[in-house]
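Working notes, structure below.
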Amino acid sequence: MAPIRDKFTIHSKAVVCQDVELKGDITIGSGTIVHPKATIFAVAGPIVIGSGCIIEESAIIVNRRKEVMRIGDDNLFEIGSRIESPSIGSFNTFSTRCRVHHTVRISSFCVVGAGCLLVPAEDETLEDYTVIYGANAERRKWSGRGKAQEADLRRKHAEYLREMLPKFNRLRRGEASRE
Amino acid sequence: MAPSVLYHCPCFSRHLVPPPPHLASSSHSFHPLHTLFFCEECDAVRCNRCVSVEVSGYYCPNCLFEVPSASVRAEKNRCARNCFMCPNCRNTLSVVPSDPPDVGDGRIAPISTVGEPPFFLYCSHCRWDSAEVGITFEKPTGLAAQLQKSEDSAPDSLEFERLKEHFDPIIRASSLSSSSSAVPSSAAHSHHLHSTSITAAASAALARDIPGVGRYNPLSRSGRGTGSKDRSANKDEMPDYKSRMDATTASKMGSGGGLPDVEFMRHLENVSDVASLEQRWSYSWATSLQTKDLKPLRIPLHSKRSKRCPACTHILIKPEQKAQSVRYKIKLVAANYLPAISIALPHQVEKFGHASAEAAKRPYGKATVLTDEEKEAMSGLLAGETYPFHVSLTNPLYDPIQVKLSVQRMHVAAPSSDPGTASEKARRPPFVVSLSTTPFSVAAFAEAWEYDEDDDILDDDELEARLSGREKEPKPKTKTVGILEKRANITVVGGEVMLRKEARGNVKFNMLVSYTYRADDAPADMGSPSKSKAPATKTFAFYTVVELGPIIPREETRIDVDT
Ligand SMILES: [Zn+2]
Ligand SMILES: [Zn+2]
Ligand SMILES: [Zn+2]
Ligand SMILES: [Zn+2]
């Protein structure tokens, strides 16, 4: 296997803390926040993260496949989550310490509950609004009611972090230009 | 399973000696220390099986509202404020407003802080919401009252109300007469030696005649016909009850059962469409089989209870009235009186430490299953081997105590049920425990301990050794039986267990613990287990059962222990 070439493309409005582990070809979109101690690891193919995502402490995002791992907008990766999905839509929540295998593709508005393990042997795609919850990773469909409010909350959350994180952390490449 | 120690509560049994550990009744009379109480008045251990329990207050576990006992019945034991449980996953539901109407251009409209009606209940865990079952609210307050209407109009609820109405006059009339007549007859029932006013009241209530139900008298009456005179007299008093609707058609009204359910199950495509037993379990009324019919549940109330000694009726534990408080007004728990005992098998400790570290590396979920098996395999003791074990005693008293341990002799009462060949060998106890019976002291409990030097602070040599990576041998192996260690209010004594070659079953034995402590100006001793030796000291003795683990028989390999 060829050595991994590092190539980071970070949008000027993204907030990526200095103390994160980035490896491989990574693109981070506008307004996305990467907390310190998070890991983004493009082992094989590149990772492209959209805008407005929040990647919390000790979250791990890995791309084991050759093709590009595309992560949409406004996703939340909570503390200690480990995500290897080859593609992720928008407005998904990956709760604390959940784990999603590289066999699962995620659509949009999905929730993987705290501590849930999603490791199917065969490839599958989580449809929009799928909720995984509980110790046995049970599934159900969310009606989607309240999604506008949740999206609003997600944006406010990101807005707050964009303001506060740079006050206490050094940022990668010092690129987070603030008007 | 790690080695365990349980404490004996005699529960008024005339035998203060507990049953032998291999009998099934053994597990009934032993309890973990933290569940036991101690009555100072009787100088005796009390357990949850023998104490008498009183409810001292009801409250909602979610909003912590204290519900007056008068309204508990009216509100059907559930919170009548804004507390609901998710019918899907049991999480608490929250009231949320609706999303603002879609502007159309894909942008999200600004969210007002007041919130848009209609409001609905929402589960943040599984994302169930009450709009799925057609329940929405115009305003976010007084939800239970808003739901009350639909709850009250349910056929089961109406039927129940009707039944109550039907029986009410009869019960009221009889409570006057029976209160005078039933009590003397119930006095005969109080064969219980330790009966008190509370138990007497309870047994009187149980023995009271129920109008319309024939008097229960198992001895004098054998056949059905003979009781007819009594029964007919009661029948006349009670009018016939007519149900609101025909029970045979009830299944069509959504109460469950019958053809509709069969039809539903026949066309089932998704298992999750059927409400699991767990989901239907906490409903007050019979519910439909279908997941889509599950309704939000008002949260069941909890109660705070106080417990009394059954012999002297002194309070053993009494919580503070306020629902928010987790403190107790009175708390006489056995852990404050009896030394805490824990058992360890030193040969397992190293392995266990290793195993739990391995388990931590595994992904969440699968870990528990595997380690249970592994622990099972590791906690086994090989037949024919001798193992040392450590008994550590922690003194909860502010005075030092003298402790004497003695292992109860195992008389394996000739297992007549065992067939021929094995019985000869089984007659002998499968293992022999050697534990010193010499009394030893356990230092007093003190609020704060200075750190022992060898505990936390490394001396220079050791520090040097650790830094250079060559750690000193932890301890030169000296002895396994006798006192091994004394620190703070803990004393560790060692014992040994020798397993016979043909041993089977569990290494489990009864151990009598007696300890002598300084009695602070105690009056003449009362209660059975204590005897005063000298004027200044008292001795208390109690039994424990010690379980070291399963025996792995000789013939089998270590792997298949699950037989
Ligand atoms: Zn008891
Ligand atoms: Zn409540
Ligand atoms: Zn739920
Ligand atoms: Zn008592």
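The values are calculated or read from the model by the stated rules, or taken from the named source; none is laboratory data. Treat the numbers as computed from the prediction; the structure is a model and nothing was measured. Every residue, glycine as well, gets a Cβ built from its backbone with ideal geometry; the counts of neighbours run over all protein chains shown. Just the protein is used for accessible areas: all its heavy atoms, side chains included, with ligands, DNA and RNA removed. Shrake-Rupley method; radii C 1.70, N 1.55, O 1.52, S 1.80 Å.
Here are a few things to note about the model shown:
- B:ASN82 being on the phi < 0 side of the Ramachandran plot, open to solvent by 30 Å² or more (accessible area, probe 1.4 Å), within 14 Å of ligand 2 (Cβ to nearest atom) and more than 14 Å from chain A (Cβ to nearest Cβ): yes
- Search result, residues across region A:128-154 that are surrounded by fewer than 15 Cβ atoms within 10 Å (Cβ to Cβ) and part of a helix (DSSP H, G or I): A:LEU153
- Selection of region B:268-293 for residues being at pLDDT 80 or above and touching a helix residue (DSSP H, G or I) at 6+ places or on another chain (Cβ under 7 Å) yields B:ASP273, B:VAL274, B:ALA275.
- Summed over region A:85-97, the residues that are touching a residue at least 24 places away in the same chain (Cβ under 8 Å) and open to solvent by less than 10 Å² (accessible area, probe 1.4 Å) give a count of 1.
- Whenever a residue of region B:56-72 is at pLDDT 90 or above, its partners that are within 16 Å of ligand 3 (Cβ to nearest atom) and open to solvent by 30 Å² or more (accessible area, probe 1.4 Å), lying with C-beta atoms within less than 7 angstrom and at least six residues away or across chains, give the pairs B:ASN62/B:THR92.
- Of the residues examined, A:ASP123 is one that is without any contact (Cβ under 8 Å) to a residue 24 or more places away in the chain and away from ligand 1 (no atom under 16 Å from the Cβ).
- Per the listing A:GLU163, A:GLU122, A:GLU159, the residue uniquely assigned to a loop (DSSP other than H, G, I, E, B) and more than 9 Å from chain B (Cβ to nearest Cβ) is A:GLU122.
- Criterion: buried (at least 21 other Cβ atoms within 10 Å of the Cβ), in a strand (DSSP E or B) and at pLDDT 85 or above - qualifying residue of B:VAL545, B:VAL492: B:VAL545
- Whichever residue in region A:101-119 is farther than 24 Å from B:PRO97 by Cβ and in a loop (DSSP other than H, G, I, E, B) and, among such residues, is nearest to the other protein chains (Cβ to nearest Cβ): A:GLY115
- Residue check for B:GLU132: acidic (Asp, Glu), more than 13 Å from chain A (Cβ to nearest Cβ) and part of a helix (DSSP H, G or I): no
- Counted residues, region B:1-53 - those being surrounded by 14 or more Cβ atoms within 10 Å (Cβ to Cβ) and part of a strand (DSSP E or B): 14
- Options A:ASN75, A:ASN92: the member that is away from chain B (no Cβ under 14 Å) and touching a strand residue (DSSP E or B) at 6+ places or on another chain (Cβ under 7 Å): A:ASN75
- Residues of region B:58-88 classified as closer than 13 Å to B:LEU297 by Cβ, assigned to a strand (DSSP E or B) and more than 16 Å from ligand 3 (Cβ to nearest atom), total: 1
- B:VAL274 vs. criteria of a type in the set (A, V, I, L, M, F, W, C) and within 14 Å of chain A (Cβ to nearest Cβ): yes
- In region B:46-79, the residues that are within 11 Å of ligand 2 (Cβ to nearest atom) and among the acidic types (Asp, Glu): B:GLU66, B:GLU75
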